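The values are calculated or read from the model by the stated rules, or taken from the named source; none is laboratory data. This structure is a prediction, so every number in the text was calculated from the model and none was measured. In this analysis, Cβ positions are derived from the backbone assuming ideal geometry, glycine residues included, and neighbour counts consider all displayed protein chains.
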Amino acid sequence: MSTTITEKVRASLGKRYAREKRFRAYGFISIALSLMFLVLLMFNIFSKGLPAFSSTYIKLDVTLDAQTLGVTADATPEQLRTASYNSVVQKGVQALFPAVEERKQKKALKSLVSGDAQYELQRMVLADPKLIGTNQTVWVLADDDIDMFHKGYVDRTAPEADRRIKDFQLVWLDKLEAEGRIDSQFNTTFFTRGDSREPEQAGILSALMGSVYTMSLTLLFAFPLGVMAAIYLEEFAPKNNFWVDFIEVNINNLASVPSIIFGLLGLAVFIQIFGMPRSSPLVGSFVLTLMILPTIIIASRAALKSVPPSIREGALGIGASKTQSVFHHVVPLAMPGILTGTIIGMAHAVGESAPLLMVGMVAFIVDVPHGITDPATILPVQIYLWADSPERAFTERTSAAIIILLAFMILMNLLAIVLRKQFERRW
Amino acid sequence: MTEATLNMAAAAPQTHKPAAGGREEFAHDITGTVGKPFLDGKDTKFFSRGVNVFYTGNKQAIFDVNVDIGRNEVIAMIGPSGCGKSTFLRCLNRMNDTIAGCRVTGDIRLDGEDIHGKEQDPVLLRARVGMVFQKPNPFPKSIYDNVAYGPRLHGLAANRAELDEIVESSLTKAGLFKEVKDRLQTPGTGLSGGQQQRLCIARTIAVSPEVILMDEPTSALDPIATATIEELIDELRQSFTICIVTHSMQQAARISQRTAYFHMGKLVEVNNTKTVFTNPQHQLTENYITGRFG
């Protein structure tokens, strides 16, 4: 009898182990596949985006003489501000190639450097008016086409008509290269400015600040609201009550509503009825709060539910009130789960653009927002706007913005994970 | 006492019907509580008359329980699973209030005060009537904080030194201080099962309750830890009234002065422990203690 059982078990063992191996292989394959795609994606983004962190500069020798600037020696700051720096730049560029006479080529010569060059000079002079009348050597930002060429995106062998850089410009650039007047430097502009129509002057700061403001406010509103709602529903609300069930069903439904609907709601309620400022992080965060509240509530309720009732009874048994037992024991124990739900909600919100289109955060924002009611845009929208721009230089800036968004997200999640570790206790 | 019980169980004449399907058969037998449920006003701590408990859907869990519990006595509540002994225990500190849909009727008095009275606060009641649960449930905090939680909550200590003293004396009374005095700041959940249960007892007595309710406090523990807790209960009797629910008849026989036998939500018999185990007056009690069912 027992031998037959042993034989039967032994006979089935091979099959069982094979199934186990097969299952492990499936798991391994799916992880390998996802990792492969992730690596591919990361490689694509980083290889495209990293060049955007440097930009090309051209060395100019300029003469800041009062006559060209059109100011007198004792000019007021206002006069200095409106002085003709453009002419100084133009003279500086022409000095590089004195032989160029033709009007069209002169224009091309001027556009070697970015439109930002004259403002660079303006900033220098405003900071130190004594510079007037001196000769200065300055590195000014090159135009985005030159930047692209210097980074090697222009194929010299292509027919001239297919190139943004024409043959005569190639000669100039080679000369500049030979004289050491063209160089790559770290792209500080990208981190210190807002959006621009000129790629070389476009920065991520306004979108980043917009995202920082919007996300901070979203966390500020959604976390307490969501956690309090979850605590009430889970710990205090009457059970088997029609209204409580009704609210519960609705929260679950809201979690699956398309996010653009929340945007429409925000537009109709916050902007139309309450007259809040359009495009502002304040309204954006209200909309995102509504969007992620169900996620936070559902996750927090699950976390609260998983705290063993013995802990509640233990506290009640020595005379803690209901509120004390909840806030001294249940909530701290549920905190890791609550924070996980919050991370998921926030990660969802930081990458969301659809609901914010509706409240006007899709705008072209040049100024860095300085408050929660200033017009702002956010990183995903900035990425969308740049991806839509025709200039070649915006392609790498799109990828660079994605890198910034990912870094922002990782930073945010890291913070939450560190917080969660603080709350995790052993049983 | 243990031996006596066991001998009696072995010698009991096997003339009764077998236990199979016996519950319904015996249910109609219970007309009132036999034995000596009342103390006639002598040193009564808990007074309970006509207590009924209903759960959701009017499912009645206990029926018309009348019993007195004396000061500084250990009363054991025994009976088969689902007989309502834990439910009755939880009436005594209104722990049933926390269960949704649970309703308690009847008159329960602590030192003559109606515990369901308007002026009675369940939080205050639970500070006076502490509870130790079946599964050790220390808070996931340090040993010190576990014991100090109650005193802190009720503001029993004016300063740190007083709190230290309360913690030390409570742990000492619970027979745990020697074992943990060097690691008071380590998590209470890191102790062994028996130590955890003693920590829970220390946590309960730190609030200086008048009564301690124990709901199968040793059912999750090994025999050595059980023996330690039983000794402890005997010592605690000097200062507290103790109501203990237990599945072990030997335990009831060892530690209690009086024993109450519950059957299907009804209190069948209450008497001196010795009498219950040697000379049960009700057929159901006898069937239970001789191991016919339960």
Per the filter on segment A:334-365, residues within 14 Å of another protein chain (Cβ to nearest Cβ) and touching a residue at least 60 places away in the same chain (Cβ under 8 Å) are A:M335, A:P336
Determine whether B:R109 is surrounded by 16 or more Cβ atoms within 10 Å (Cβ to Cβ), touching a residue at least 24 places away in the same chain (Cβ under 8 Å), within 9 Å of chain A (Cβ to nearest Cβ) and not small (G, A, S). no
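Between A:S216, A:S211, which is more than 14 Å from chain B (Cβ to nearest Cβ) and in contact with a Phe, Trp or Tyr (Cβ under 7 Å, 6 or more places away or on another chain)? Reasoning before the result, please.
Working: A:S216 fails: in contact with a Phe, Trp or Tyr (Cβ under 7 Å, 6 or more places away or on another chain).
Criteria check complete, one pass: A:S211.
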Need the failing condition index for A:K421 against (1) in a helix (DSSP H, G or I); (2) surrounded by 14 or more Cβ atoms within 10 Å (Cβ to Cβ), just the number. (2)
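I need the full set of residues from segment B:116-130 which are of a type outside the set (A, V, I, L, M) and surrounded by fewer than 21 Cβ atoms within 10 Å (Cβ to Cβ), in order please.
Within segment B:116-130, the first condition is being of a type outside the set (A, V, I, L, M), and the residues that meet it are B:116-122, B:126, B:128, B:130.
The answer is B:H116, B:G117, B:K118, B:E119, B:Q120, B:D121, B:P122, B:R128.
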Please tell me if A:S196 is polar (S, T, N, Q), away from chain B (no Cβ under 14 Å) and under 19 Å from A:S353 (Cβ atoms). no
Residues of segment B:154-179 that turn out to be under 20 Å from B:G130 (Cβ atoms), free of Cβ contacts under 8 Å to residues at least 40 places away in the same chain and part of a helix (DSSP H, G or I), as a count: 10
Hits in segment B:156-167 - residues which are under 23 Å from A:E313 (Cα atoms) and either at pLDDT below 90 or at the interface with another protein chain (Cβ under 10 Å from one of its Cβ atoms) (or both): B:L156
Flagged pairs (Cβ under 8 angstrom, 6 or more apart or on separate chains; first in segment B:86-101, within 11 Å of chain A (Cβ to nearest Cβ); second of a type in the set (A, V, I, L, M) and part of a helix (DSSP H, G or I)) are B:N93/B:L125; B:R94/B:L125; B:M95/A:L316; B:T98/A:L316
Just to be sure before I move on: is A:V331 closer than 24 Å to A:N252 by Cβ and within 14 Å of another protein chain (Cβ to nearest Cβ) in the structure I sent? yes
Identity of the residue in segment B:136-155, among the charged types (D, E, K, R) and at pLDDT 90 or above, that ends up surrounded by the most Cβ atoms within 10 Å (Cβ to Cβ): B:D145
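Collect the residues in segment A:342-364 that are farther than 16 Å from A:M215 by Cβ and either surrounded by 24 or more Cβ atoms within 10 Å (Cβ to Cβ) or touching a Lys or Arg at 6+ places or on another chain (Cβ under 9 Å) (or both), keeping them in residue-number order.
Within segment A:342-364, A:G360, A:A363, A:F364 meet the criteria.
Could you tell me whether segment A:366-373 includes any residue that is in contact with a strand residue (DSSP E or B) (Cβ under 8 Å, 6 or more places away or on another chain) and either among the acidic types (D, E) or in contact (Cβ under 8 Å) with a residue 12 or more places away in the chain (or both)?
Looking only at segment A:366-373, we keep the residues that are in contact with a strand residue (DSSP E or B) (Cβ under 8 Å, 6 or more places away or on another chain), and these are none.
Checking segment A:366-373: not a single residue is in contact with a strand residue (DSSP E or B) (Cβ under 8 Å, 6 or more places away or on another chain) and either among the acidic types (D, E) or in contact (Cβ under 8 Å) with a residue 12 or more places away in the chain (or both).
If I filter segment A:282-289 for residues that are of a type in the set (F, W, Y), over 30 Å from B:V211 (Cβ atoms) and surrounded by fewer than 20 Cβ atoms within 10 Å (Cβ to Cβ), do I get at least one hit? Lay out the reasoning, then the answer.
Residues of segment A:282-289 that are of a type in the set (F, W, Y), as a first pass: A:286.
Add one more test, that the residue is over 30 Å from B:V211 (Cβ atoms), and what stays is A:286.
When the remaining residues are screened for being surrounded by fewer than 20 Cβ atoms within 10 Å (Cβ to Cβ), the result is none.
Scanning segment A:282-289 turns up no residue that is of a type in the set (F, W, Y), over 30 Å from B:V211 (Cβ atoms) and surrounded by fewer than 20 Cβ atoms within 10 Å (Cβ to Cβ).
Among the residues in segment A:23-39, are any under 30 Å from A:I204 (Cβ atoms), of a type in the set (S, T, Y) and modelled with pLDDT of 90 or more?
Within segment A:23-39, the subset under 30 Å from A:I204 (Cβ atoms) is A:34-39.
Those left that are additionally of a type in the set (S, T, Y): A:34.
Right, trim to modelled with pLDDT of 90 or more and you get A:34.
Within segment A:23-39 (the criterion being under 30 Å from A:I204 (Cβ atoms), of a type in the set (S, T, Y) and modelled with pLDDT of 90 or more), the answer is yes, since at least one residue qualifies.
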Taking segment B:180-204, which residues are in a loop (DSSP other than H, G, I, E, B) and either touching a Cys at 6+ places or on another chain (Cβ under 8 Å) or crowded, with 16+ Cβ neighbours inside 10 Å (or both)? B:L184, B:L191
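Can you tell me which residue within segment B:138-151, out of those that are touching a helix residue (DSSP H, G or I) at 6+ places or on another chain (Cβ under 7 Å) and either charged (D, E, K, R) or assigned to a loop (DSSP other than H, G, I, E, B) (or both), is nearest to the other protein chains (Cβ to nearest Cβ)?
In the first step, residues of segment B:138-151 are kept if they are touching a helix residue (DSSP H, G or I) at 6+ places or on another chain (Cβ under 7 Å); the result is B:138-144, B:146-151.
Narrowing further to those that are either charged (D, E, K, R) or assigned to a loop (DSSP other than H, G, I, E, B) (or both): B:138-141.
On the way: B:P138: 8, B:F139: 6, B:P140: 4, B:K141: 8 Å.
Step by step, filter segment B:138-151, then rank; the result is B:P140.
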By my count, helices (runs of 4 or more DSSP H) wholly in segment A:60-124 with at least 3 residues that are closer than 25 Å to A:Q201 by Cα, of a type in the set (A, V, I, L, M) and assigned by TED's automatic domain parsing to the domain that holds A:Q169 are A:85-96
Answer yes if at least one residue in segment A:378-388 is of a type outside the set (S, T, Y) and either within 14 Å of another protein chain (Cβ to nearest Cβ) or not in a helix (DSSP H, G or I) (or both), and no otherwise. yes
Cβ-Cβ distance below 7 Å, separation of 6 or more or different chains: which pairs start in segment A:234-257 with a residue that is within 14 Å of chain B (Cβ to nearest Cβ) and touching a residue at least 24 places away in the same chain (Cβ under 8 Å) and end on one that is in a helix (DSSP H, G or I) and surrounded by 12 or more Cβ atoms within 10 Å (Cβ to Cβ)? A:E234/A:R301; A:E234/A:L304; A:E234/A:K305; A:E235/A:L304; A:E235/A:V326; A:E235/A:V330
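Among the residues of segment A:347-367, is there at least one that is part of a helix (DSSP H, G or I) and either more than 21 Å from A:A222 (Cα to Cα) or more than 26 Å from the chain's Cα centre (by Cα) (or both)? Can you show your working first?
Step one: of segment A:347-367, the residues part of a helix (DSSP H, G or I) are A:347-350, A:354-358.
Narrowing the set further to residues that are either more than 21 Å from A:A222 (Cα to Cα) or more than 26 Å from the chain's Cα centre (by Cα) (or both) leaves none.
No, because not a single residue in segment A:347-367 is part of a helix (DSSP H, G or I) and either more than 21 Å from A:A222 (Cα to Cα) or more than 26 Å from the chain's Cα centre (by Cα) (or both).
Can you say whether B:E231 is over 21 Å from A:A315 (Cα atoms) and part of a helix (DSSP H, G or I), as far as the supplied structure shows?
Yes: the conditions hold for B:E231.
How many residues does segment A:133-188 contain that are within 31 Å of the chain's Cα centre (by Cα), within 24 Å of A:Q90 (Cβ to Cβ) and in a loop (DSSP other than H, G, I, E, B)?
Going residue by residue through segment A:133-188, those that are within 31 Å of the chain's Cα centre (by Cα) are A:139-154, A:164, A:182-188.
Now restrict to residues that are within 24 Å of A:Q90 (Cβ to Cβ): A:139-150, A:164, A:182-183, A:185.
If we keep only those that are in a loop (DSSP other than H, G, I, E, B) as well, we get A:143, A:164.
Selection size over segment A:133-188: 2.
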Considering only residues that are surrounded by fewer than 19 Cβ atoms within 10 Å (Cβ to Cβ) and either assigned to a helix (DSSP H, G or I) or at the interface with chain B (Cβ under 7 Å from one of its Cβ atoms) (or both), which ones fall in segment A:299-312? A:A302, A:K305, A:P309, A:S310
Would you mind telling me which numbered condition in (1) within 15 Å of the chain's Cα centre (by Cα); (2) assigned to a loop (DSSP other than H, G, I, E, B) A:A400 fails? (2)
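Does segment A:278-296 contain at least one residue that is part of a helix (DSSP H, G or I), within 13 Å of chain B (Cβ to nearest Cβ) and of a type outside the set (A, V, I, L, M, F, W, C)?
no
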